[in-house]
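Shown next, in structure tokens, is the structure this report addresses.
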Amino acid sequence: MRFHFKTHYDQDIRLFPDWWNFSLYAALLVVLIVLPMVIDSFYLGEVTNVLIWAVAGLGLMLLTGQTGQVSLGHSAFMALGCYTCVNLMETGMPFLLAFVLAGIITGIIGAVIAIPALKLHGVYLTIATLALAILADDIIVILDHWTGGVNGYFAPEIWIFGIEVNRWINPAAWYYLALGTALVVTLLYRNLLRSPLGRAFAAVRDSEISAQAMGVDVARTKTIAFGLSCAFAGLGGALMGLFAGAFNNETFNFLIAIQLLMMIIIGGLGFIHGAFLGAIVIAFLPQLLSISTDFLGSSSIPGLETGVFGMILIAFILFEPMGLYGRWLKIRTWLELFPFARRDMFRRQKTYLKTERLR
């Protein structure tokens, strides 16, 4: 068992608590860098898909897990990021610049939309964002000059410093692109949580009334959170569309937003690790179900994937609301404190104050 003896307030906001944690993440990074050399192209593509889902999941995690605002409309912002990136590339702009600008533009538009939307609370905000996701499908069809309508777009060629990033010709390049994006977004996310703005996010999540009493500008904080969340989702959407090779209005339907919400709940709401663990479940479970049905010799069952996802989500909500990463924290704490660990250490507590239960 390791003890952290803190002698300064700055130790609470370190990027890594100690050298042991730093060494673990450094070792993980080394494994990720050499991964294309030890697995075949199929599984490398699946890992790339996990990283893309994780980038989009971090966007929703920032809004829902850190600020407490539930959104079912992030598929619309993923589509916005994807189409913006492609349209900028068609003007002759280099991919990296178009990619970054797509995220920034998506974040700005998301913040503008958030100004009226975030006046709503709870289930009303959820319904409003769901309506936005459904409306995005029709908007994509109407703006066919920029989106290709129902015919969609074929992903343009991607070149980075003279290297072609092609899923079929050079899958390792696509993997490193997704890995680099995931690392940058994760570092931005982690440093944001260490800042005063990140503490304001947590205050708004726990109690808007208490946060306001402490001098937090709740409306401004929620708007910034929504904008940053949409920016990350836009980057994830751009990667998802370009990685698929072709996309149209059905690629980013509202089911993607529901999968994103399921992903962060299963992985662990409020934890950076939870976005990655949830992405692993979302990306690999369909493959596992396909392999299982082939092994049993049965044909594909309509609705099997949706049903299994639903049962897993219900099981986590009932038996492990903290998700996969929360379960790991409980196991680790039990091992560190054995035989002194007690079940009441993780007793569920009320989330809202009495004054906020009806909001």
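The values are calculated or read from the model by the stated rules, or taken from the named source; none is laboratory data. Just so we're clear, the structure is a prediction, and the values are computed from it rather than from any experiment. All Cβ positions, even for glycine, are placed from backbone atoms using ideal geometry, and neighbour counts span all protein chains on display. In case anyone asks, the SASA skips ligands and DNA or RNA and just uses the protein heavy atoms, side chains included. Shrake-Rupley method; radii C 1.70, N 1.55, O 1.52, S 1.80 Å.
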>> I want to confirm something. Restricting to region 94-120 and keeping residues that are surrounded by 15 or more Cβ atoms within 10 Å (Cβ to Cβ) and assigned to a loop (DSSP other than H, G, I, E, B), which single residue is nearest to the chain's Cα centre (by Cα)?
In response: 118
>> Can you tell me which of (1) touching a residue at least 12 places away in the same chain (Cβ under 8 Å); (2) outside any loop (DSSP other than H, G, I, E, B) is the one residue 216 doesn't meet?
In response: (2)
>> Restricting to region 253-295, and then to whatever is among the aromatic types (Phe, Trp, Tyr) and in a helix (DSSP H, G or I), can you tell me which residue is most open to solvent (accessible area, probe 1.4 Å)?
In response: 295
>> Where the second residue is assigned to a helix (DSSP H, G or I) and hydroxyl-bearing (Ser, Thr, Tyr) and the first is closer than 18 Å to residue 266 by Cα and lies in region 283-295, which pairs have Cβ atoms under 6 Å and are six or more apart or on separate chains?
In response: none
>> Test of understanding: among 88, 72, which residue is modelled with pLDDT under 95, within 30 Å of residue 273 (Cβ to Cβ), touching a helix residue (DSSP H, G or I) at 6+ places or on another chain (Cβ under 6 Å) and open to solvent by less than 40 Å² (accessible area, probe 1.4 Å)?
In response: 72
> Is it the case that residue 99 is more than 22 Å from residue 274 (Cβ to Cβ) and hydrophobic (A, V, I, L, M, F, W, C)?
Replying inline: yes
> Identify, please: which residue in region 140-174 is in a loop (DSSP other than H, G, I, E, B) and among the aromatic types (Phe, Trp, Tyr) and is, among those, least open to solvent (accessible area, probe 1.4 Å)?
Replying inline: 161
> Of (1) part of a helix (DSSP H, G or I); (2) touching a residue at least 12 places away in the same chain (Cβ under 8 Å); (3) open to solvent by 20 Å² or more (accessible area, probe 1.4 Å), residue 250 satisfies all except one. Which?
Replying inline: (1)
>> Can you list residue pairs whose Cβ atoms sit under 6 Å apart, with the first residue in region 82-110 being on the phi < 0 side of the Ramachandran plot and the second being open to solvent by less than 20 Å² (accessible area, probe 1.4 Å) and outside any helix (DSSP H, G or I)? Count only pairs 6 or more apart in sequence or on different chains.
In response: 95/158
